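Comments concern the structure below.
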Amino acid sequence: MSSAEIPPRTPSWFPGPAAEGGPAPVRLVCIPYAGGTASLFREWQRHLGPGIEVVPVQLPGRGLRMREEPYQATAPLVSDLASALEEAGLCRDYALFGHSMGALLAYELACELRERGRQEPCHLYVSGSRPPHLYGRRADHLLSDDELRALVQDLGGLERDRAVDAAYFERRLPVLRADLRVCETYRWRPRLPLRCPMTAFSASRDALASAPQTEAWREYTTGSFLRHHLEGGHFFLDGGHTRERLLRSLYDELAGAGADLHAPAAEPQSATA
């Protein structure tokens with residue numbers, strides 16, 4: 001597809017700039033965790049290089065979409081995101097990455113696009129997440145403000161060594177509650193497994209997605225499956241050496257994907273022991 005044929009980006013969903021000189025061999029569409037924003041992936045393009053175009057997703061209720069109501073259920077969110085990908089011409093030569101809630105949305109998005117007759121992703125990455133059939137077993141969106149703050153802090157989402165800006169957290173609470181409701185009211189329905197390669201990332205101190213739970217994603221694809229077990233808690237994506245190892249794994253698997261997007265990716269050097 002020439003640069004003249006590239007449809008315009010939908011800036012509300014995909015706030016990042018399109019790649020200069022036309023699309024990269026593969027686009028990596030990245031979906032954040034509950035309460036997260038597209039800024040989570042701000043540094044990824046620099047790490048992954050020009051051969052992989054990072055496309056962060058901005059969900060309603062945050063960033064420049066602050067005035068929009070966040071979604072309360074999975075189905076309309078996935079349907080609208082799939083339509084946005086179609087309109088932006090991002091349903092070819094693409095991979096999906098999602099962390100926690102983002103992993104659930106990435107899987108549902110891959111299934112939705114398949115049902116619309118679109119190409120499956122060349123790779124699906126799920127991080128810090130139980131598989132879909134284990135969702136819907138919590139009710140954290142019903143916690144009080146103090147209880148929800150304590151939960152996020154226990155998971156490592158708030159620093160313990162400094163006072164938290166209460167006003168900032170208050171502003172994020174409605175979006176966080178809505179995202180948690182999306183996850184906790186989700187009900188899995190059996191479907192044929194995907195055919196694309198899949199990589200799952202688990203973390204040693206993740207209280208929401210244990211290594212055995214993350215391994216259970218294996219049943220969701222007939223393609224190759226890899227699992228990397230990293231050091232850290234649930235929010236290991238936020239920075240440090242663990243995120244660098246994750247990005248190295250993404251690069252190793254996607255760098256050669258542009259040569260043949262329909263062939264299974266070569267097994268990367270393991271980023272962990």
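Kindly indicate whether L77 is more than 13 Å from the chain's Cα centre (by Cα), in a helix (DSSP H, G or I) and over 26 Å from S224 (Cα atoms). Walk me through how you get there before you give the answer.
Numbers: more than 13 Å from the chain's Cα centre (by Cα): yes; in a helix (DSSP H, G or I): yes; over 26 Å from S224 (Cα atoms): yes.
It is true that L77 is more than 13 Å from the chain's Cα centre (by Cα), in a helix (DSSP H, G or I) and over 26 Å from S224 (Cα atoms).
Considering only the stretch 167-207, state which residues are under 27 Å from L254 (Cα atoms), in a loop (DSSP other than H, G, I, E, B) and either of a type in the set (F, W, Y) or in contact with a Ser or Thr (Cβ under 7 Å, 6 or more places away or on another chain) (or both).
Residues satisfying the conditions are P193, R195, C196, P197.
Hey, can you tell me all the residues within the stretch 74-95 that are touching a helix residue (DSSP H, G or I) at 6+ places or on another chain (Cβ under 6 Å) and modelled with pLDDT under 95?
Of everything in the stretch 74-95, just one residue is touching a helix residue (DSSP H, G or I) at 6+ places or on another chain (Cβ under 6 Å) and modelled with pLDDT under 95, namely C91.
Among the numbered conditions (1) of a type outside the set (D, E, K, R); (2) more than 16 Å from Y186 (Cβ to Cβ); (3) touching a Pro at 6+ places or on another chain (Cβ under 8 Å), tell me where V55 comes up short.
Every listed condition holds for V55 apart from (3).
Examine the stretch 217-225 for a residue that is part of a loop (DSSP other than H, G, I, E, B), β-branched (V, I, T) and within 25 Å of L254 (Cα to Cα), and state whether such a residue exists. Write out each step before concluding.
Let us first name the residues in the stretch 217-225 that are part of a loop (DSSP other than H, G, I, E, B), namely 222-224.
Applying the additional criterion that residues be β-branched (V, I, T) yields 222.
Among the residues that remain, those that are also within 25 Å of L254 (Cα to Cα) are: 222.
Yes, that holds for at least one residue.
For L113, indicate whether it is part of a helix (DSSP H, G or I) and either within 28 Å of E244 (Cα to Cα) or among the polar types (S, T, N, Q) (or both).
Working: part of a helix (DSSP H, G or I): yes; either within 28 Å of E244 (Cα to Cα) or among the polar types (S, T, N, Q) (or both): no.
No; evaluated as a whole, the condition is false for this residue.
Considering only residues of the stretch 121-150 that are surrounded by 13 or more Cβ atoms within 10 Å (Cβ to Cβ) and over 30 Å from E219 (Cα atoms), which is modelled with the lowest pLDDT?
L143
The values are calculated or read from the model by the stated rules, or taken from the named source; none is laboratory data. All of these numbers come straight from a predicted model, not from anything done at the bench. Note that we place each Cβ from the backbone using ideal geometry, even for glycine, and neighbour counts take in every protein chain shown.
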